[in-house]
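Everything on this sheet refers to the single structure shown next.
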Amino acid sequence: MSILKYKEKYESDLYKLYCKAHKIHFDEEKKNTEDKTFYSFNNFEIYLLSINKRLKGYVIFSKSYSFFGNNVIDIDDIFIEKDYCNYSNYCMLIESINKGFFRKKYKYCKLVSRGKRDKKLVALFDLKPIKIMYEMQINLNNFKEIYMDDPKIITFKRGIDELKRAEVQNSIFSDSDEHVDCSVNDILYEEKQDFFIDDGCFFLNIDGITAGYSQIIIEKSSNPKPYIVNFGIVKKYRKQGHAKELLNHTLGIIKRKGFNNAYVMVNAGNIKAYNLYKGFGFHKVSTLCCYLFKY
């Protein structure tokens with residue numbers, strides 16, 4: 001039994017495991033095309049569980065730069081075949097992603113569970129949810145953008161506006177319990193990721209003051225999905241209709257890019273945000289539980 005770091009020679013076996021985990025029909029002809037995008041993002045790393053020289057499990061993970069600072073690693077996907085799905089094997093996989101030269105690199109790993117498949121892991125480690133999120137979706141076919149006469153929306157300029165974005169984003173989320181200030185380096189790191197798009201970040205300008213921020217990212221897959229993230233208004237300018245203006249513009253951009261649907265993740269406890277999106281026509285499509293494993 002051993003842990004292997006992903007290499008191209010494991011591609012076919014990993015793809016078979018991924019299909020089994022996600023109940024996707026395995027198609028040898030497709031494994032080198034768009035279906036491979038689940039692990040082709042440059043911000044993902046993959047470790048494999050090998051038993052008797054056969055791959056029996058995997059963990060796909062990435063550095064977390066927006067949750068409890070730099071002490072967290074995000075588990076994007078984890079799977080072990082049924083006959084080998086036990087506490088010790090899960091431990092091997094989870095511990096393998098946290099090995100440094102002299103000490104452990106992270107204090108926690110974060111798992112977001114979307115359904116039944118992760119229940120075994122949650123039960124084995126007796127994990128308790130630290131946050132519940134709603135994934136919401138809107139169909140844009142009937143959405144009609146209301147154009148504003150006053151140019152309140154300013155598009156983010158890469159290489160110029162990183163500091164401004166860090167300042168306004170930190171201001172917006174300063175009253176959130178789990179917020180950790182982001183830095184210019186965090187934003188530069190994000191700009192290198194596959195999901196980032198240059199013309200998908202916007203500032204809301206009120207009388208020369210940056211009063212809000214919104215961002216579109218694209219979840220790359222065979223069916224790309226646009227998500228609205230980091231959306232918010234600075235406290236001083238809330239309850240004045242500005243959130244509706246910014247959301248209206250953001251949805252308009254997504255529609256003009258040719259997408260029929262848009263998505264957003266909302267904290268289940270954030271009733272105001274939930275009602276804002278619901279008022280625009282969003283509806284809940286799934287519930288996600290966030291768990292934290294302490295090393």
Condition test on Phe293, is it of a type in the set (Phe, Trp, Tyr), out of contact with any Asp or Glu (no Cβ under 9 Å at 6 or more places or on another chain) and assigned to a loop (DSSP other than H, G, I, E, B)?
no
Residues that are within 23 Å of Glu135 (Cβ to Cβ), in contact with a Cys (Cβ under 9 Å, 6 or more places away or on another chain) and not in a strand (DSSP E or B): does the range 204-218 have at least one?
no
Hey, among the residues in the range 78-108 that are within 20 Å of Tyr18 (Cβ to Cβ) and not in a helix (DSSP H, G or I), which one's modelled with the lowest pLDDT?
Ile97
On the basis of being of a type in the set (Lys, Arg) and within 18 Å of the chain's Cα centre (by Cα), does Lys272 make the cut?
no
If we keep just the residues of the range 150-197 that are surrounded by 17 or more Cβ atoms within 10 Å (Cβ to Cβ) and aliphatic (A, V, I, L, M), which is farthest from Lys236 (Cα to Cα)?
Ile187
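The values are calculated or read from the model by the stated rules, or taken from the named source; none is laboratory data. What you see is a predicted model, and the numbers here were worked out from it, not measured in a lab. All Cβ positions, even for glycine, are placed from backbone atoms using ideal geometry, and neighbour counts span all protein chains on display.
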